[in-house]
Amino acid sequence: MEAIIIGVSYFGMTYDLEESMRELEALCAACEIKVKYTLTQALDKISAATYIGKGKVTELKNLTGDVDLVIFNEELSPMQVKNLTDILEIEVSDRTDLILKIFESRAKTNEAKLQVKIAKYNYLLPRLAGMNEDLEGQQGGSGFRGSGEKKIELDRRLIRNQLVKAKHDLALMVKQRKTQRILRVHQDQKVVALVGYTNSGKSSLMNYFVEHSKLNDKTVLQKDMLFATLETSTRKVKLNNNKTFLLTDTVGFINQLPHHLVQAFRSTLEEVKEADLILQVVDSSSPYYREHISVTNQVLEELGVDLNKMLYVYNKIDLNKYGLVEPLDPYVFISVKEEKNMETLMKSIDQTLFGDDHIVEVILPYSLMNIVSYLLDNTHVLNYEYLENGIYMKAEVSAKMQAYLKKYFLLN
């Protein structure tokens with residue numbers, strides 16, 4: 001499938017058009033769409049009728065004979081879609097529709113599928129109101145003709161009913177997540193969340209920790225592609241001093257990320273809000289790394305995330321061809337691929353999560369072997385010995401565990 005992509009620079013725009021068009025082409029590649037032509041235009045303001053000016057519409061019309069569709073860099077209104085489809089006589093799509101298609105094809109878990117479905121229905125509903133039957137037949141929903149996707153019935157009442165059901169089903173999963181978070185707090189389990197711009201190396205970092213910990217072999221998909229995976233993956237990770245935490249990967253961000261998707265994935269991103277530490281993975285080899293950080297932080301702030309819990313992890317230092325990077329504090333420079341400075345990163349995580357731990361000496365009765373096993377598996381045990389009256393242990397533990405063990409303290 002081949003396409004023309006179109007973008008406009010205008011007064012008041014909040015992103016770099018060149019970078020945005022490069023991303024749009026990468027999004028097309030993720031959908032196996034080849035970009036044949038790229039058009040841009042500078043306008044004082046976006047045309048309410050056709051997004052681009054009349055002259056550019058004519059230029060575009062002359063190029064549509066040997067492509068399958070036209071994709072605009074910003075979300076089009078229903079009227080713009082109708083007008084452009086009538087003039088160009090070819091399928092017209094936009095950035096939001098393209099991202100929705102990628103998310104729909106990558107969603108594997110029931111939760112991800114529900115989130116994408118909700119975003120898709122919210123995108124479709126306003127586009128049904130002003131459409132005539134002919135346009136409905138052409139649009140068919142998010143996606144492209146010939147993609148083999150199941151066609152959504154363009155009936156507003158049916159879509160609303162499906163939207164209500166999807167939201168209900170997702171609410172049940174959100175309730176389960178909250179229960180899991182309460183259990184983690186009760187078990188004094190620390191949580192670290194990975195966030196960042198798409199394709200910054202989050203999944204690679206997750207896999208490094210999984211392989212380094214040797215607790216399981218459940219790595220996640222890593223691929224040099226935008227939105228290679230949507231699944232929220234959580235793995236138990238062990239530091240060199242034996243202390244453990246849960247590491248959660250989240251969906252990547254991108255400039256102009258559709259509002260529908262942010263809202264639909266809000267429940268998943270709650271994991272970030274509740275995390276003890278947030279690692280923002282930054283592609284330091286990108287000349288647009290500052291913009292990537294800004295986009296990520298803006299979305300997180302909209303979700304109510306405390307940015308003071310952030311550690312900036314500047315990845316891909318082995319690929320940096322653009323000179324010095326000016327980091328935000330606190331920060332670590334790493335290369336997951338070449339395993340550079342990974343020990344520094346782990347020490348930073350250790351200090352943040354476990355810096356307030358205390359060294360205690362206890363003698364635990366043999367009836368508490370479950371506590372002994374927990375300490376051996378999850379804390380830094382400096383020494384232990386099996387005695388006649390119990391197990392002597394010297395270990396670094398959290399304040400909560402210290403309070404629990406208080407009656408077993410070894411008296412000097």
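The values are calculated or read from the model by the stated rules, or taken from the named source; none is laboratory data. Model, not experiment: these values are computed from the prediction. No Cβ is skipped: glycine too gets one built from the backbone with ideal geometry, and neighbour counts run over all protein chains shown. When the accessible area is computed, the model is the full protein with side chains, heavy atoms only, and any ligands, DNA or RNA have been set aside. Shrake-Rupley method; radii C 1.70, N 1.55, O 1.52, S 1.80 Å.
Here is how the numbers come out for the structure above:
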{"quantity": "Dipole in debye (nearest 20) - the chain, about Cα centre, beta carbon charges: Lys, Arg +1; Asp, Glu -1", "calculated": "1140"}
{"quantity": "Aspartates and glutamates whose Cα lies under 15 Å from that of residue 406, excluding same-chain neighbours fewer than 8 positions away", "calculated": "357, 361, 396"}
{"quantity": "Mean Cβ neighbour count within 10 Å, used as a protection proxy, ranking 6-15, 393-402, 256-265 highest first", "calculated": "256-265, 393-402, 6-15"}
{"quantity": "Rounded percent of accessible protein surface that carbon and sulfur make up, the chain, 1.4 Å probe", "calculated": "49"}
{"quantity": "Accessible surface, per residue, of the stretch 9-110 when the full set of protein chains is kept, probe 1.4 Å, Å²", "calculated": "47"}
{"quantity": "Gyration tensor (Cα) of the stretch 1-92, equivalent ellipsoid semi-axes in angstrom", "calculated": "19, 17, 11"}
{"quantity": "Sum of -39500 (n - 2.57) over DSSP H runs of 4+, divided by residues of the chain (222 nm, nearest 500)", "calculated": "-13000 deg cm²/dmol"}
{"quantity": "Cα pair distances of the stretch 248-314 binned at 5 Å [whole percent]", "calculated": "4, 16, 30, 27, 17, 6, 0"}
{"quantity": "Residue 399 paired with residue 374, simple spin-label distance in nm, labels 7 Å along Cα-to-beta-carbon", "calculated": "1.8"}
{"quantity": "Kirkwood hydrodynamic radius over Cα pairs of the chain, then Stokes diffusion coefficient at 4 °C and 1.567 mPa s, in µm²/s", "calculated": "54"}
{"quantity": "Linear extension gain, residue 48 paired with residue 10, 0.36 nm per residue minus alpha-carbon span", "calculated": "12.4 nm"}
{"quantity": "Per residue accessible area in Å² of the stretch 292-376, where ligands, DNA and RNA are left out and the probe is 1.4 Å", "calculated": "55"}
{"quantity": "Full-stretch length increase - residue 19, residue 344 - with 0.36 nm per residue and alpha-carbon distance subtracted", "calculated": "113.8 nm"}
{"quantity": "Of the GluC sites (Glu not before Pro) in the stretch 22-61, those whose Cβ has at most 10 other Cβ within 10 Å and which sit in DSSP loop", "calculated": "32"}
{"quantity": "Cross-link pairs beyond the 27 Å C-alpha cut-off, checked among 113/340; 167/243; 175/273; 108/400; 113/316; 54/117", "calculated": "113/340; 167/243; 108/400; 113/316; 54/117"}
{"quantity": "Sparse-neighbourhood loop sites, trypsin sites (Lys or Arg not before Pro) in the stretch 313-389 - DSSP loop, at most 11 other Cβ within 10 angstrom", "calculated": "321"}
{"quantity": "Residue among 328, 269, 5 farthest towards the positive dipole end of the chain, charges placed on Cβ", "calculated": "269"}
{"quantity": "Residue 404 - accessible surface, heavy atoms, 1.4 Å probe, Å² rounded to 10", "calculated": "110"}
